[in-house]
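Participant: Take this structure first; my questions come after.
Throughout, read-outs are computed from the coordinates displayed, never taken from laboratory work. In this text the structure is predicted, and so the values were computed from the model without any measurement. Virtual Cβ from ideal backbone geometry, glycine too; neighbours counted across all protein chains shown.
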Amino acid sequence: MTSQWQSFLRNLGAWRGSFTRISPSGDLVSDTPTLVTFEGLENNKLVKQQVFKYPENDPEPPPLVLEYRTLGRNILFFEDGAFSIGSMQFSPVSEFGVELGSIHGDRRLRLVQLFDTSSNFSSLTLIREFREGSQAEEFPHLTVDRLVGDWEGRVTTQYPDYREPERFSSRLSIRLDGDTLTQHTQTDSFAFSSTGRVDGARILFDSGKTQIAVLLLPDGASCNVPLTIPRQTPFFLEAGWLVEENLRYRLIRSYDSTGQWLGVTQVVERKI
């Protein structure tokens, strides 16, 4: 099995892109060009990260420089370099946030989801990155129609205690009738159905204790979040990325009813 450090090294290189802030309703707030570099030193036992931002109307700030010899307990990687980092414990009286990132060839896509001190979804940052020097291109803006159909997935769940990952298969069925979207997920151990309402660039699900929103974003991305994190109820945060018409990645970071981080699930699914 690939180690967490080896999976982290999949991110080495220079990634040029932008940090795009998006409101909870899906509106673009700001966009800042960026360059993020990961350099392996000392035979890749040390990784130096630098983040350069190039704001259009403000002076260029000094780069953020970070160095890693070990990985924090709040981050987990998958074999292809995908990862999630964030709070290990949710508290309803403090700010809370997570980052979910996937790699596909010479592309990286990351979503940073932030919640305020009232547990309300406050902002989203969409980070679209291209390996410097490559000919990689941005993917089309995600639409509901491109999600409709039947998907078969390979599912891997990583845990903070580094136990053996859990692997299984899944099937997702998505149907659209007018502005009503129905989805049904099935695995060997559970089945789940939900119904949402298409509202512009969002799909809103109202059947649970809190309203769930799926934002349809540029570059084939999607963001799945509770608009308010519920008290004493399990919840999850998800980032999706449609990189081909029949290939989609999803990363899901899950928390239990006490707010404790449970783990991260990667779903690699193909339309059939």
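Participant: Largest first and to the nearest Å, give the Cα extent of the chain along each principal axis.
Facilitator: The principal-axis extents, from largest down, are 52, 46, 42 Å.
Participant: Next question, about the same structure. In whole Hz and in residue order, list the ³J(HN,Hα) couplings for the stretch 204-218 that follow from phi through the Karplus curve 6.51 cos²θ - 1.76 cosθ + 1.60, θ = phi - 60°; x for Gly and Pro.
Facilitator: Each residue's phi maps through the Karplus curve to give 10, 10, 10, 7, x, 6, 9, 6, 9, 10, 10, 8, 9, 10, x Hz.
Participant: Could you tell me which of Gly178, Thr195, Ser207 has its Cα farthest along the dipole of the stretch 177-221 towards the positive end, charges placed at Cβ (Lys, Arg +1; Asp, Glu -1), taken about the Cα centre?
Facilitator: Value: Ser207.
Participant: Give me the Kirkwood hydrodynamic radius of the stretch 20-64, using the inverse of the mean 1/r over all pairs of distinct Cα atoms, in Å to one decimal. List each step's numbers first, then the result.
Facilitator: Working: mean 1/r = 0.0787 Å⁻¹.
By the Kirkwood definition, the hydrodynamic radius is 12.7 Å.
Participant: In addition: Taking the dipole about the Cα centre of the chain, with the C-beta of Lys and Arg at +1 and of Asp and Glu at -1, give me whichever of Val243, Ala82, Thr265 is farthest to the positive side.
Facilitator: Thr265
Participant: Once all Cα-Cα distances of the stretch 1-118 are split into 5 Å bins that start at 0, what whole-number percent is in each one?
Facilitator: Binned Cα distances yield the sequence 2, 9, 16, 21, 21, 16, 10, 4, 1, 0.
Participant: Hey, another quick one. Given a Förster radius of 35 Å and the C-beta distance between Asp106 and Arg231 as r, what FRET efficiency does 1/(1 + (r/R0)^6) yield to the nearest 0.05?
Facilitator: Details: r = 43 Å, r/R0 = 1.22.
E(calc), rounded to 0.05, equals 0.25.
Participant: Taking Rh as the Kirkwood radius, which is the inverse of the mean 1/r over Cα pairs, what is the Rg/Rh value for the stretch 169-227?
Facilitator: Working: Rg = 12.1 Å, Rh = 12.3 Å.
Radius of gyration relative to Kirkwood radius: 0.98.
Participant: When only Cα pairs under 8 Å and 6 or more residues apart are kept, what is the percent relative contact order across the chain?
Facilitator: Values: 679 pairs, mean separation 41.3, N = 272.
Across the chain, relative contact order equals 15 percent.
Participant: Answer with one residue from Gly220, Phe121, Pro140: the one whose Cα lies farthest towards the positive end of the charge dipole of the chain, charges on Cβ with Lys, Arg +1 and Asp, Glu -1.
Facilitator: Checked the options; the winner is Phe121.
Participant: If you don't mind, there's one more thing I want to ask. Please give the calculated 222 nm ellipticity per residue for the chain, where each DSSP H segment of at least 4 residues contributes -39500 (n - 2.57) and the sum is spread over every residue; nearest 500 deg cm²/dmol?
Facilitator: -500 deg cm²/dmol
Participant: Let me ask another. Taking the Cα centre of the stretch 1-152 as origin, work out the dipole magnitude from +1 charges on Lys and Arg Cβ and -1 charges on Asp and Glu Cβ, in debye rounded to 20. Don't skip to the answer; put the middle values down first.
Facilitator: On the way: 14 positive and 21 negative charges, 96 e Å.
Dipole of the stretch 1-152, to the nearest 20 debye: 460 debye.
Participant: Taking 0.36 nm per intervening residue step and subtracting the Cα-Cα distance, what contour gain separates Asp145 from Phe52 on full extension?
Facilitator: Details: separation 93, 0.36 × 93 = 33.48 nm, distance 3.63 nm.
Contour length minus the Cα-Cα distance gives 29.8 nm.
Participant: Okay, next question. Please list the non-local residues whose amide H lies under 5 Å from the amide H of Asn74, H modeled 1.01 Å from N, same-chain partners needing a gap of 5 or more.
Facilitator: Answer set, sorted by chain and number: none.
Participant: With charges set only on the Cβ (+1 for Lys and Arg, -1 for Asp and Glu), what does the dipole of the stretch 190-262 come to about its Cα centre, in debye to the nearest 20?
Facilitator: Numbers: 7 positive and 7 negative charges, 53 e Å.
For the stretch 190-262, the charge dipole is close to 260 debye.
Participant: Find how much the distance from Arg175 to Leu12 grows on full extension, using 0.36 nm per residue of separation minus their present alpha carbon separation; answer in nm with one decimal. Before the final figure, lay out each step's value.
Facilitator: Working: separation 163, 0.36 × 163 = 58.68 nm, distance 3.91 nm.
Length gained, Arg175 through Leu12: 54.8 nm.
Participant: Next question, about the same structure. Can you list the residues, at least 5 places off or on another chain, whose amide H is less than 5 Å from the amide H of Leu142, using H built in the peptide plane?
Facilitator: Hits under the 5 Å cutoff: Leu217, Asp219, Gly220, Ala221.
Participant: Arranged from highest to lowest average of other beta-carbon atoms within 10 Å per residue, in what order do the peptides 101-111, 51-61 appear? Write down the numbers at each step before the final one.
Facilitator: On the way: 101-111: 21.8, 51-61: 11.0.
Listed from highest to lowest mean packing, they are 101-111, 51-61.
Participant: Evaluate the charge dipole of the chain about its Cα centre and quote only its size in Debye, nearest 20, assuming +1 on the Cβ of each Lys and Arg and -1 on the Cβ of each Asp and Glu. Display every interim value, and only then the final one.
Facilitator: Working: 28 positive and 35 negative charges, 105 e Å.
Dipole of the chain, to the nearest 20 debye: 500 debye.
Participant: Can I ask one more? Please compute the Kirkwood hydrodynamic radius of the stretch 89-214 from all pairs of different C-alpha atoms, in Å with one decimal.
Facilitator: Details: mean 1/r = 0.0567 Å⁻¹.
For the stretch 89-214, the Kirkwood estimate is 17.6 Å.
Participant: Consider just the alpha-carbon atoms of the stretch 143-272 and return their Rg together with their Dmax, both in angstrom.
Facilitator: 14.6, 45
Participant: Going by Cα centres, the stretch 87-113 and the stretch 165-184 are how many Å apart?
Facilitator: 23
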